[in-house]
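Below you'll find the structure, written out as structure tokens, and then a few comments.
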Amino acid sequence: MGDEEEDACNTGLGLGEVSAIFKTTGEIQKQTLAAKLNLRTRQVEVWFQNRRARTKSKQSEVECELLKKWCESLSHENHRLQKELRELRLFNLDQPHDQLPMAVTLTICPSCSQQHQ
């Protein structure tokens, strides 16, 4: 059970109910919630500050993982394109210029092809 669920269980109110009450943040609402929970207003404020911080931290972790995967993907694509370029350059050096094929097929990644259109 997570910290949020434990906190809600300790109050006798569900997490959804506590969150719904606190969404309309005002001094009166904080005091009302604190009284319902038998806590000080400051404790209610801190609970929600901590909850927002945990949510933001988790979101940052998710975004970081997505960026890492995207970076890895771009790195692999970069290595593949560099290899293809080396092969094309070797091919070009091995062929006399009068015997070069009329067309050479190049692979362009989707994001590059969108930029050049």
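Pairs are defined by a Cβ separation below 9 Å, a sequence spacing of at least 6 or placement on different chains, a first member in region 26-46 that is loosely packed, with under 12 Cβ neighbours inside 10 Å, and a second member that is aromatic (Phe, Trp, Tyr) and in a helix (DSSP H, G or I); no pair meets this definition.
The rows are residues; the columns are (1) modelled with pLDDT of 70 or more; (2) not charged (D, E, K, R).
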{"site": "Lys56", "(1), (2)": "yes, no"}
{"site": "Trp70", "(1), (2)": "yes, yes"}
{"site": "Asp94", "(1), (2)": "yes, no"}
{"site": "Val104", "(1), (2)": "no, yes"}
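Pairing residues of region 53-69 that are among the hydrophobic types (A, V, I, L, M, F, W, C) and loosely packed, with under 10 Cβ neighbours inside 10 Å with residues that are assigned to a helix (DSSP H, G or I) and at pLDDT below 95, at Cβ distances under 6 Å and at least 6 apart in sequence or on separate chains, gives no pairs at all.
The values are calculated or read from the model by the stated rules, or taken from the named source; none is laboratory data. In this text, all values refer to a predicted model and were calculated from it rather than measured experimentally. Don't worry about glycine lacking a Cβ; one is built from the backbone with ideal geometry, like all the others, and counts go over all protein chains shown.
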